[in-house]
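Worksheet: the structure to be examined is printed underneath.
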Amino acid sequence: MMSTETENPPEDSTEDSTEVESPPPVAKKPAAPVVIPAFEKSISDKIVEKFGDKVEVGFVKEDRVRINVGRENVHDVAEFIRDGLNYDHVESVSGVDYPQDNEIEVVYHIGSYDDSSLARQILVLATRAQRETNPIPGNDATRLPTLRDVFYSVEFHEREVFEMFGVFFEGHPDNRRLLLPEDWADLPPLRKDFTIKGR
Amino acid sequence: MGGLTSTSKGLYNKGKIGMTFKLPPGLALQKVDERIMTLNVGPQHPGSGHMRLIVQIDGDYIVACDPDPGYVHRGEEKMAEYRNYILNIPHLERPVIHDSCNVLYPYVLGSEEILGIEVPERAKYVRVIASELNRCIYIMYWLAIYGIFLGHSTMFMWPAGDRELLIDLMEKMTGARVTHAHFVPGGVRNDLPPNFEDVCLRQVNYFEKRIKEYAAIFYDNPILIARTRDTGILSRQDAIRYGTTGSVLRASGVDYDLRVKEPYDVYEELDVHTNVMKEGDSYARSKIPWLDMLESCNIIRQALQKMPKSGSVRTKLKPNPKGKGLDSVYKRVESGRGSLGCYIVSDGKVEPYRVKLSVPSFRNLIALPNLLRGEKLGNMPSVYWSLNYWPVEADR
Amino acid sequence: MLKDLVTPENANVFVGKLGDILEKAIGKPLGYAINWGRIWSLWPVHIETACCSVEFGAASSPRYDVERFGIIEAFGSLRQCDLVVVQGTITRKMAPRLRLVYDQMPEPKYVIAMGACAITGGLYFDSYNVLPGIDGIIPVDVYVPGCPPRPETLIQGCMLLQEKIKRMKARKFV
């Protein structure tokens, strides 16, 4: 399962090689040529062909394709992924907080049940929302368009991201609290500036 | 729930008393209809487990159901950001302690990829055996509780007793009854005890003979069939649209099992058969896990046969292993409940930057309000538990 | 003669004295009998709070069969229960519900804290949503350590509770 070391495109591998070689198991890796899997490349090519420079390919690994897209295009890209590429459900919606970029990333892992050629594939659709220093969940600029009308299965996942990161999904029919206590009045707990006790 | 509702007309009417402030997004006021009764099921209820279902009923029929999970939300994803890759193991297996090998599996696979560790061949087979044994242990517990939910006490006693056979095996293998913490990045914690293969084969053969008897008492039982057939039907399109997984998905006729579709470790060398039923009702959802157990027995026998007889089971790790810079992996395995994914983001430090468990219980929960609408209240426990739902896992 | 002694003014005093005498005479054996009845009917509330409920369920399985002691019988209504087995982690969302369940139960009632999380918070000592032990919200009689405790440990904890009840003072009954 270790053949997934292909996240670096060939032109980048030369400059990164100095720091990559420090752990011993990687010593035999530079001999192997970097292979970008063909099928996964064709998926990312289709998206790039349709949307041009609005999307950015994060990586193309074995079975995993990552697409970074701005918040204004995420709805269109998701619709194309569903209608044009036959992906049909979202497995997971995760938020990742990046305080140094002043952004919160929301990552959709999209898979397909119907199309057997896509059964191994996970398409990672990442978008970023503006991060507020003093968040007021629901009433500040940390907003993203919801994908619930495209993929029904994101409903509870987006509710979870809203309460854990304060990312308000515009157009989501049910933005209530899900997991946290009813009287939670602190920061959204998975943001990096929320520290747990004793740490 | 009762605090927000009121039968007096106009109390929440904006025009009359001028309640013009905007409610925060977490709160909503409810309109009350005299005909509809709101019923709280749980968290102290024999038929709910650690969650609450707010059910609205009209006579005997459910018109709306609002699941309220979160009673066991322990913040494991936040805690994982403060511990290194090894220290995360014990608390990340706690969501499903009776399926602890499987719930840890994607995390271990992901951290192996981030840390760049190879796994010895024998360790992969030990993992498959432990994971399949654990799947049987999980399903037996689930079946026992399903028996309780349906008022079938024999079906509690039989699986709860037979489950101990496999727990004995796991105890021999790992040293603990339910919380094994056996998988570590780089292999498994320790080798199999001497003579384990023979004992395992004997126990598994007996176990298989034993669970075949369940068909006569449970699955062919006319009372069970009358209570579960044609209740909570989930069509194939809806199962895909809701993104359900595992036995719920396979009971609706979708042939999808990650052990076949995206084989991890040594599953591609083993012959795995996927059980699919077309009905999509509670009966099918309760039968698929039982068929999975029979399949697991086959897999364990194959793995015992093909396993290298000796060799290392663990690659030594340096203390405080680190990732290689900004990196993210998403690994998934087929657990006892369905596809379980783990998304790890690393920034090159000793702690992961973010760990997200995408758990099957949480994914199946979205089907519950849609399945219960229009169903009789008496069918609620059978539909709810047939979703293979474990509240502790959904809350994380 | 007794009729002369008892007047409407001192009747209450006499009845009270009679009660004291009765309690002295049969209080101890009756208290023993009441406690004896209590220790064989420890029925728990059906409230699962976290993952220790797996081992709680296993304690009722044929191998451990805790019901042979007459205790821990799976039971429905909390109005007829007198034992709370807190099966693991209590989160901030669950804590008011646990207290509500405890308050609704009739006296006498006993509490077993099962598992490390219920005792001190256990593995989740630094989590933002977990109480550091349940003894801040309800009084605990017996602590059963383990993560999760084996069914044998739970049975031993219940037998300790039985010993404790045997030595408790039964409530004043006269």
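Looking across the stretch C:66-108, the residues that are in contact (Cβ under 8 Å) with a residue 12 or more places away in the chain and among the hydroxyl-bearing types (Ser, Thr, Tyr) come down to C:THR89, C:THR91, C:TYR102.
Taking the conditions exactly as written (modelled with pLDDT under 85 and more than 22 Å from B:ALA394 (Cα to Cα)), does C:ARG38 satisfy them or not? Talk me through it step by step, then tell me what you get.
Values: modelled with pLDDT under 85: yes; more than 22 Å from B:ALA394 (Cα to Cα): yes.
Criteria met by C:ARG38.
Hey, among A:LEU187, A:LEU180, A:LEU144, A:LEU123, which residue is of a type in the set (A, V, I, L, M, F, W, C), more than 7 Å from chain B (Cβ to nearest Cβ) and closer than 27 Å to B:GLY338 by Cα? Sole residue among the options that is of a type in the set (A, V, I, L, M, F, W, C), more than 7 Å from chain B (Cβ to nearest Cβ) and closer than 27 Å to B:GLY338 by Cα: A:LEU123. Within the stretch B:232-262, the set of residues being more than 9 Å from every other protein chain (Cβ to nearest Cβ), free of Cβ contacts under 8 Å to residues at least 40 places away in the same chain and part of a loop (DSSP other than H, G, I, E, B) comprises B:SER252, B:GLY253.
From the list B:GLY341, B:GLY348, the lone residue that is surrounded by fewer than 24 Cβ atoms within 10 Å (Cβ to Cβ) and either farther than 20 Å from B:ASN275 by Cβ or of a type outside the set (Ser, Thr, Tyr) (or both) is B:GLY348.
Taking the options B:ASP191, B:ASP168, B:ASP198, B:ASP162, name whichever one is charged (D, E, K, R) and not in a helix (DSSP H, G or I). Before the answer, list the steps.
Details: B:ASP168 fails: not in a helix (DSSP H, G or I); B:ASP198 fails: not in a helix (DSSP H, G or I); B:ASP162 fails: not in a helix (DSSP H, G or I).
Just one listed residue meets the conditions, B:ASP191.
The set of residues from the stretch A:88-103 being within 13 Å of A:VAL167 (Cα to Cα) and either within 7 Å of chain B (Cβ to nearest Cβ) or of a type in the set (Gly, Ala, Ser) (or both) comprises A:SER94, A:GLY95, A:VAL96. Scanning the stretch C:50-64 for residues that are more than 27 Å from C:TYR124 (Cα to Cα) and more than 8 Å from chain B (Cβ to nearest Cβ) gives a single hit, C:TYR64.
Whenever a residue of the stretch A:122-141 is in contact (Cβ under 8 Å) with a residue 12 or more places away in the chain, its partners that are among the hydroxyl-bearing types (Ser, Thr, Tyr) and not in a strand (DSSP E or B), lying with C-beta atoms within less than 7 angstrom and at least six residues away or across chains, give the pairs A:LEU123/A:TYR87; A:ALA129/A:THR142; A:GLN130/A:THR142; A:ARG131/A:THR142; A:GLU132/A:THR142; A:PRO135/A:THR142.
If you check A:VAL60, A:VAL69, A:VAL48, which single one turns out to be surrounded by 11 or more Cβ atoms within 10 Å (Cβ to Cβ), in contact with a Ser or Thr (Cβ under 9 Å, 6 or more places away or on another chain), over 25 Å from B:VAL119 (Cα atoms) and at pLDDT 75 or above? Reasoning before the result, please.
Values: A:VAL60 fails: over 25 Å from B:VAL119 (Cα atoms); A:VAL48 fails: in contact with a Ser or Thr (Cβ under 9 Å, 6 or more places away or on another chain).
From the options A:VAL60, A:VAL69, A:VAL48, the qualifying one is A:VAL69.
Within the stretch A:106-120, the only residue that satisfies the criterion of being at the interface with chain B (Cβ under 7 Å from one of its Cβ atoms), under 25 Å from A:GLU160 (Cβ atoms) and out of contact with any Ser or Thr (no Cβ under 7 Å at 6 or more places or on another chain) is A:TYR113.
Looking only at residues in the stretch B:68-92 that are more than 7 Å from every other protein chain (Cβ to nearest Cβ) and touching a Lys or Arg at 6+ places or on another chain (Cβ under 6 Å), the one that is nearest to B:VAL359 (Cα to Cα) is B:GLU76. The residues of the stretch A:126-141 that are more than 9 Å from chain B (Cβ to nearest Cβ), polar (S, T, N, Q) and not in a strand (DSSP E or B), listed by number, are A:THR133, A:ASN134.
Restricting to the stretch B:263-273, count the residues that are part of a loop (DSSP other than H, G, I, E, B) and of a type in the set (Phe, Trp, Tyr).
Count: 1.
Is it fair to say C:ILE90 is in contact with a Leu (Cβ under 7 Å, 6 or more places away or on another chain) and either farther than 24 Å from B:GLY147 by Cα or crowded, with 18+ Cβ neighbours inside 10 Å (or both)? Against the criterion (in contact with a Leu (Cβ under 7 Å, 6 or more places away or on another chain) and either farther than 24 Å from B:GLY147 by Cα or crowded, with 18+ Cβ neighbours inside 10 Å (or both)), C:ILE90 qualifies.
Before we move on, is B:MET155 more than 20 Å from C:CYS147 (Cβ to Cβ) and modelled with pLDDT of 85 or more? Judged against the criteria, B:MET155 is a match.
Being crowded, with 18+ Cβ neighbours inside 10 Å and of a type in the set (D, E, K, R) is the filter here, so list the residues in the stretch B:55-71 that pass it. Residue satisfying the conditions is B:ASP68 alone.
Just one residue in the set B:ILE114, B:ILE145, B:ILE129 is more than 14 Å from chain A (Cβ to nearest Cβ), more than 18 Å from B:LYS172 (Cβ to Cβ) and either out of contact with any Pro (no Cβ under 6 Å at 6 or more places or on another chain) or not in a helix (DSSP H, G or I) (or both); that residue is B:ILE145.
Taking the numbered list (1) under 26 Å from B:HIS273 (Cα atoms); (2) touching a strand residue (DSSP E or B) at 6+ places or on another chain (Cβ under 8 Å) in turn, B:ILE129 passes all entries but (2). Is it true that B:ARG227 is among the basic types (Lys, Arg), at pLDDT below 90, farther than 22 Å from B:MET170 by Cβ and crowded, with 17+ Cβ neighbours inside 10 Å? When the stated conditions are applied, B:ARG227 passes them.
For the stretch A:154-174, taking the residues that are more than 20 Å from A:VAL96 (Cβ to Cβ) and within 10 Å of chain B (Cβ to nearest Cβ), the one that is surrounded by the fewest Cβ atoms within 10 Å (Cβ to Cβ) is identified as A:ASP174.
B:ARG301 falls short of the stated requirement of being closer than 27 Å to A:ARG82 by Cβ and basic (Lys, Arg).
The values are calculated or read from the model by the stated rules, or taken from the named source; none is laboratory data. All of these numbers come straight from a predicted model, not from anything done at the bench. No Cβ is skipped: glycine too gets one built from the backbone with ideal geometry, and neighbour counts run over all protein chains shown.
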